[in-house]
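The next block holds one structure in the form of structure tokens; read it before the comments.
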Amino acid sequence: MGEEHVLRWPKLARITHWLFFIGVTIAILTGLPVLDGSSFRFLYVLTGGETGRTILHYYATIVLLGVAAPLAVLRAIQSYRSRYEGGWWPGWSDVRDSIRIALRWLGLRKEYPTIGFRHPLEKFLVVSVHAGLILLGASGIPIVLFNVGYEYRALLLAVHDIGFLLVIIPLIGHFMLAINPVNWPTLKAMFTNGKVPVSWAKKHHPGWKIE
């Protein structure tokens, strides 16, 4: 008999995550050479020169993230309707718990809040990444599809940079936590069948009311 598992990530969550994962990865790899051509020239070559980079950055990301956007909305609705997920939007309790967690990390507090289905810092990550993607799309699509004047193009590029920061900063933290062996069960679940061991869930998310 194998270890008992519980569904953490439904199929819609996994499909949406795959689309965001591929789309954002392509966007970053093809966008960094524009940000700093000397440091990231190897990415310029790797992505097929200017023609390949342009096609990937302009059109592949628009298609992938364009498909992911409505799925993310459906996923948000699904999350709010779930008995145990509780939605993505952080509340005051998440702010307080995040402060307690930060103080624990700094060694200024011993108590650790009871973590439910979703880690409170995960909610802030989701909000930041989605806000950044909205800014990236709202600024990038007009540049690609319309003949934007120089003065408006400069403004759109500034908005694009802000969106990039809102995405890349939390994603770096997300990546560092994802590769932590403690989180491998949930990482594996997101990319495979969506299930995590019940023992892992009870230990790391004791407030999750497992059905």
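Just the accessible area for Arg41, please: 1.4 Å probe, Å², rounded to the nearest 10?
140 Å²
With an 8 Å cut-off on Cα pairs and a minimum separation of 6 or more residues, tell me the relative contact order of segment 39-175 in percent.
Relative CO of segment 39-175 lands at 19 percent.
Short version: ³J(HN,Hα) in whole Hz for each residue of segment 70-78, in order, from phi by Karplus 6.51 cos²θ - 1.76 cosθ + 1.60 (θ = phi - 60°), x for Gly and Pro, what are they?
Along segment 70-78, the couplings run x, 5, 5, 5, 4, 5, 4, 5, 4 Hz.
Which of the pairs Lys123/Lys209; Lys11/Lys203; Lys11/Lys195; Lys110/Lys188 have their Cα atoms more than 21 Å apart in this structure?
Lys11/Lys203; Lys110/Lys188
Taking one equal scatterer on every alpha-carbon of the chain, how large is log10 of I(q)/I(0) by Debye at q = 0.15 1/Å?
-1.06
Whose amide H sits under 5 Å from the amide H of Ile115, counting only residues 5 or more places off or on another chain, with H placed in the peptide plane?
Residues meeting the amide H criterion: Gly207.
Taking the solvent-accessible surface of protein heavy atoms with a 1.4 Å probe, what is the per residue accessible area of the chain in Å²?
Ligands and nucleic acids excluded, the result is 62 Å² per residue.
From the protein chains alone at 1.4 Å, what is the descending order of accessible area for Val159, Val182, Val198, Val63, largest first?
Val63, Val182, Val159, Val198
How much of the accessible area of segment 128-211, in percent, comes from carbon and sulfur atoms when a 1.4 Å probe is used?
72 percent
Amide H of Val6 versus every other amide H placed in the peptide plane: which residues, excluding those fewer than 5 positions away on the same chain, fall under 5 Å?
Placed amide hydrogens put Val196, Val198 under 5 Å from Val6.
Would you give the gap between the C-alpha center of segment 1-79 and the C-alpha center of segment 87-123, rounded to a whole Å?
28 Å
Probe radius 1.4 Å, ligands and nucleic acids ignored: give me the carbon and sulfur share of the accessible area of segment 33-97 as a rounded percent.
That share works out to 67 percent.
Mean residue ellipticity at 222 nm from the helices of the chain, using -39,500 (n - 2.57) per DSSP H segment of n ≥ 4 over the full residue count, to the nearest 500 deg cm²/dmol?
-22500 deg cm²/dmol
To the nearest 10 square angstrom, how much accessible area does Val95 have with a 1.4 angstrom probe?
Spelled out: Val95, probe radius 1.4 Å, area about 50 Å².
The values are calculated or read from the model by the stated rules, or taken from the named source; none is laboratory data. Everything numeric in this text was worked out from a predicted model, so none of it was measured. Side chains included, ligands, DNA and RNA excluded: accessible areas come from the protein's heavy atoms. Shrake-Rupley method; radii C 1.70, N 1.55, O 1.52, S 1.80 Å.
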